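I have placed the structure first, in the form of structure tokens, so that the comments after it can refer back to it.
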Amino acid sequence: MQKFTITEPFLDSKCGLSEGPFYEEATNTLRFIDIVKKHVWWVDLNKGASSAKKIEYDISFGVTANLASSTDSFLFGGKHGIGIAKRDSSKYKYINRFWNETEIANNYETIMRANDGAIDSQGRFWVGAMNDPAYTNGKFDPVGILFRLDTDGTLHRVLENVTIPNGISFSLDNKTMYWTDTPTGNIYAFDYDVSTGNISNQRVFWHSDLGGPDGHAMDVEGNLWVALWGGWKVVRVSPEGKVTAEIEVPTRCPTAVVFVGEDVYITSEQDPDADKYPESGKWHGGVFKCHVGIKGRKLYDSKIASL
């Protein structure tokens, strides 16, 4: 097994929950979010970590994506739904909200929020929603939903009664979707119909006993690089479901992974048990970098037509 070790962060961002790392190749910029503190961070990788800046919003974002139709705005999955935010200010607008009238009456706009997601090869936006632990005393009930926003602006409920819908990746041939429900320890695989966006034939692709599988990214050989929350590491899982490499990180709760060339950048959460694991608390909430010698597959832009 190939092993890598990180001893310090690329950026000591001190986030409450850094998530959703996204690499914009055209500008060589890393973007990530702090769900807890409601920040979007930007790092000009030509200048390095010292260029990091953040914009604060009045809602939390769970995931962001680029828009094929705009260079001054980006798409987000946020507290109450899917929307568009300006890159240079805290302005945003929703284009499709998650919850129906019954759910709003049941306080879903307070107790739920967006989590991870991804854009597929056709420009559809996949976003998971889950309990917001800030309003549920840290409790996670199986009321989560995986949504799909089609390019015509239609919002679909694809999976329901899940707990923490997390990382989404697509196989190199776009015939398989990989999706995580973290508390189960499972990354699931689905047959994926790229023409319709429909998924079928759910099965367990890989089960983790090393930590909760969180966000993941795919390399150009079809391997998934998976952040293991509570596991102190990121692992590389082959298309056959075998762990073939691991990256040890100096904090217990890595959350997500993105490729930048042959490097991976890894976000993390503040360790809720930092008193028990003081070595984890030193760099928790930071962003880490590791050279792994392989590139990631291309990230797609959203092609939402109704903007």
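Derivation of every value follows stated rules applied to the coordinates shown; laboratory data play no part. All figures in this text were calculated on a predicted structure; none of them were measured in a lab. Note that each Cβ is placed from the backbone with ideal geometry, even for glycine, and that neighbours are counted across all protein chains shown.
Between the labelled values (1) 18.9, 59; (2) 20.0, 63; (3) 17.7, 51, the entry that holds Rg and Dmax of the Cα atoms in Å as derived from this structure is (3). As a length-normalised measure over Cα pairs under 8 Å and 6 or more apart, the relative contact order of the chain settles at 18 percent. Residue pairs exceeding 30 angstrom between C-alpha atoms, taken from LYS86/LYS289; LYS86/LYS298; LYS14/LYS303; LYS37/LYS289: LYS14/LYS303. Net charge of the neighbourhood of ASP58, taken over other residues with C-beta under 13 Å away and scored Lys/Arg +1, Asp/Glu -1, is +4.
Spin-label model, SER51/SER171: points 7 Å from Cα along the beta carbon direction are separated by 3.8 nm.
Relative contact order of the range 92-168, please, whole-number percent, based on alpha carbon pairs below 8 angstrom and at least 6 residues apart. Spell out each step's value before the answer.
Numbers: 141 pairs, mean separation 20.6, N = 77.
Relative contact order here is 27 percent.
Other residues lying with their Cβ under 10 Å from the Cβ of LYS289 contribute a combined charge of -2, Lys and Arg counting +1, Asp and Glu -1.
Arranged from fewest to most other beta-carbon atoms within 10 Å of their beta carbon, PHE288, PHE76 become PHE288, PHE76.
Note on the chain: dipole from Cβ charges, positive end direction compared against VAL243, HIS216, VAL63; the farthest Cα belongs to VAL63.
In terms of surrounding Cβ atoms within a 10 Å radius of their Cβ, VAL143, VAL258 rank from fewest to most as VAL143, VAL258.
The string of couplings for the range 56-68 from the Karplus curve (6.51, -1.76, 1.60, θ = phi - 60°) is 9, 10, 9, 9, 8, 9, x, 7, 10, 8, 7, 9, 5 Hz, one whole number per residue in order, with x for Gly and Pro.
Helix-derived [θ] at 222 nm for the chain: sum -39500 (n - 2.57) over DSSP H runs of at least 4, divide by residue count, nearest 500?
Numbers: 3 runs with 13 residues, N = 307.
Per the formula, -500 deg cm²/dmol.
Would any residue of the range 1-22 have its amide N under 14 Å from a label point 7 Å out along Cα→Cβ of SER238? List them or say none. Only 1-2 fall inside the zone, counting backbone N under 14 Å.
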